[in-house]
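The values are calculated or read from the model by the stated rules, or taken from the named source; none is laboratory data. Note that this is a predicted model, so its numbers are computed, not measured. Cβ coordinates were reconstructed from backbone atoms using ideal geometry, including for glycine residues, and neighbour counts include every protein chain displayed. In case anyone asks, the SASA skips ligands and DNA or RNA and just uses the protein heavy atoms, side chains included. Shrake-Rupley method; radii C 1.70, N 1.55, O 1.52, S 1.80 Å.
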Amino acid sequence: MKILVINGPNLNMLGIREPAIYGRETYDTLLQKIVDYADEKDIEVKVLQTNYEGEMVTFIQQALGVYDGIVINPAAYTHTSVAILDAAKAVALPLVEVHISDVSKREDFRQISYIRQAAVATVSGKGTDGYLEAIDILMKELS
C-alpha cells in the first residue's frame, strides 16, 4: 500500500507557529512520526509540504496511478480552495482530511471545508496523532 501525505501552508512552521494552538512538536518530528508509523504498518509513505496552492494541486494530480490514497492537511487552503477540491475529485483516490487543531471550535471562516466534499473522512483536533488515525482510516478504506 502506498499513501501520499500532503501538508499545506505554514505546516513547515510547526513548533514555532502559534504553539498554544498547534503544539510545540516540530515539522521534522511530525515527519518522523508518520514514517515510523507507516513502517510499523508496512505501508510505503511519501510526505510533501508546500506553501503554494498550485503546487498542492500538482501533488494531487501526480498521485494518480502512483498512490493508493491521500492524507491531506490543506491548512488555510481548506477554507478557500476549489482548485484543490477539483484536483482531488479528478484523481478520485480515497482521501482523508486532517487538521491538527479542532477547526470546529475556531474562527467562523474555518468552518468551511471545500476538500471535505472529496474526503472519505475528516480527523480534526487530535494533534499530530490525527495523521496516524488518518492512515488507519485509509488502510480500512483500501482493504
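Structure summary
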item: Matching residues, the range 116-128, being in contact with a strand residue (DSSP E or B) (Cβ under 9 Å, 6 or more places away or on another chain) and either open to solvent by 30 Å² or more (accessible area, probe 1.4 Å) or part of a strand (DSSP E or B) (or both); result: Arg116, Val120, Ala121, Thr122, Val123, Ser124, Gly125, Lys126
item: Residue tally, condition open to solvent by 60 Å² or more (accessible area, probe 1.4 Å), acidic (Asp, Glu) and modelled with pLDDT under 95, over the range 4-55; result: 1
item: Of the criteria (1) assigned to a helix (DSSP H, G or I); (2) touching a residue at least 24 places away in the same chain (Cβ under 8 Å), which one Tyr67 fails; result: (1)
item: Filter result for Asn51 (in contact with a helix residue (DSSP H, G or I) (Cβ under 8 Å, 6 or more places away or on another chain) and touching a residue at least 60 places away in the same chain (Cβ under 8 Å)); result: no
item: Conditions (1) farther than 26 Å from Asp108 by Cα; (2) open to solvent by 10 Å² or more (accessible area, probe 1.4 Å): number failed by Gly69; result: (2)
item: Residues being open to solvent by 30 Å² or more (accessible area, probe 1.4 Å), modelled with pLDDT of 95 or more and in contact with a strand residue (DSSP E or B) (Cβ under 6 Å, 6 or more places away or on another chain) - total across the range 99-115; result: 0
item: Odd one out for Ile135, checked against (1) in a helix (DSSP H, G or I); (2) modelled with pLDDT under 95; (3) closer than 16 Å to Asn7 by Cβ; result: (2)
item: Residue list for the range 70-110, restricted to those being under 25 Å from Glu18 (Cβ atoms), in a helix (DSSP H, G or I), in contact with a helix residue (DSSP H, G or I) (Cβ under 8 Å, 6 or more places away or on another chain) and of a type outside the set (D, E, K, R); result: Ala75, Tyr77, Thr78, His79, Ile84, Val103, Ser104, Phe109
